[in-house]
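To start, the structure itself, in C-alpha cells.
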Amino acid sequence: MLNTFDGDRVIDVGSEWRTFSNDKATKDPSRVGDSQNPLLSDGDLSTMIGKGTGAASFDEFGNSKYQNRRTMSSSDRAMMNAFKEITTMADRINLPRNIVDRTNNLFKQVYEQKSLKGRANDAIASACLYIACRQEGVPRTFKEICAVSRISKKEIGRCFKLILKALETSVDLITTGDFMSRFCSNLCLPKQVQMAATHIARKAVELDLVPGRSPISVAAAAIYMASQASAEKRTQKEIGDIAGVADVTIRQSYRLIYPRAPDLFPTDFKFDTPVDKLPQL
C-alpha cells in the first residue's frame, strides 16, 4: 500500500555533506558549492567549472572549451568579500556566529544605503563588527578590533559614528563591568581579585571619582589597584597590554581613585599588601 504525504515540499539549501573523496582525478571532492547566503541577491548559487584535464576539454588552439562566466553582480561580490573578512576577524578573537550574522546584516544595510561612500569596505566591516559586539552585549575595545583588521583605530571610530547616524541606531553605553571578567581572565588573576576590581571600579563611578574617564581606563586602574593589594600583582604595562590602554592612562585614573582606596575595597577582601602601602604613583 502506498502512503501519501500532504504539505509543501521543503528544500534544504545548505551545503551537501557527501563527498567523492575516492575520485583521485579531482582536487575538490565536494559535490556541491557553499550553502545559500540569504544576504546576497542571488543567494550565491553560481556554478564554477573546474579546469579540464583531458584532450576533449581544449580546442585545436589549446584554449579551454568551457569557461566560467561571472554571473555574480559586483555588489554581491563586494559583500561576499566583506563577509569573508568579517568571519576572519571574528574567528581571530573567538566571537560566536550570532555576532558574525549581526555584523553581516549591519554591513549589508550600510552598503545598500550607500551612505558611507568613499570609505573602504574593510573599515566599514570593522566598525560593523565593533557595533555588533556592543549590541550583543559582548563589547570589544577599538584596539581589539583594530588588532584583527587592517584598519586604524581612528578610521574605525569615524566609521562607527557614521554608521550609527546612517542607520539611526544606537548602542548601549559600555561600563567597567563589560570588560572586567575578560581582562582579569587574560591576566590570569584569581576570582577574588576580579571581584575586588569590579567592586573598586563600581564604587569609583558611584562616588564620581573618575569624571570623564573611559570605562576601559577605569577598569584597568581598578585591576591595578586590586592586584597590587593581593599576592597576584600585575604591572601597569601588563594590564595596559591586555586592556589596550597606555601606562600613563592607567596612572591618571589610578591617581583619581587612590585617595579613596580604603572606601573602594570590599569589606571581605583579604589584603596581602595593606591599603596604606599601595603604590602612590
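The residues Cys146, Cys159, sorted by heavy-atom accessible surface at 1.4 Å with ligands and nucleic acids left out, run Cys146, Cys159 from largest to smallest. For the peptides 80-93, 224-237, residues were scored by their other Cβ atoms within 10 Å and the scores averaged per peptide; the highest-first order is 224-237, 80-93. Solvent-accessible surface (1.4 Å probe) assigned to Ser214 amounts to roughly 60 Å². Other residues with beta-carbon under 10 Å from the beta-carbon of Arg182 carry, at +1 per Lys or Arg and -1 per Asp or Glu, a net charge of -1.
The values are calculated or read from the model by the stated rules, or taken from the named source; none is laboratory data. Predicted model, so just to flag it, every value in this text is computed and none were measured. Cβ sites come from the backbone with ideal geometry, for glycine too, and all protein chains shown count toward neighbours. Side chains are part of the model used for accessible areas, which takes the heavy atoms of the whole protein and leaves out ligands, DNA and RNA. Shrake-Rupley method; radii C 1.70, N 1.55, O 1.52, S 1.80 Å.
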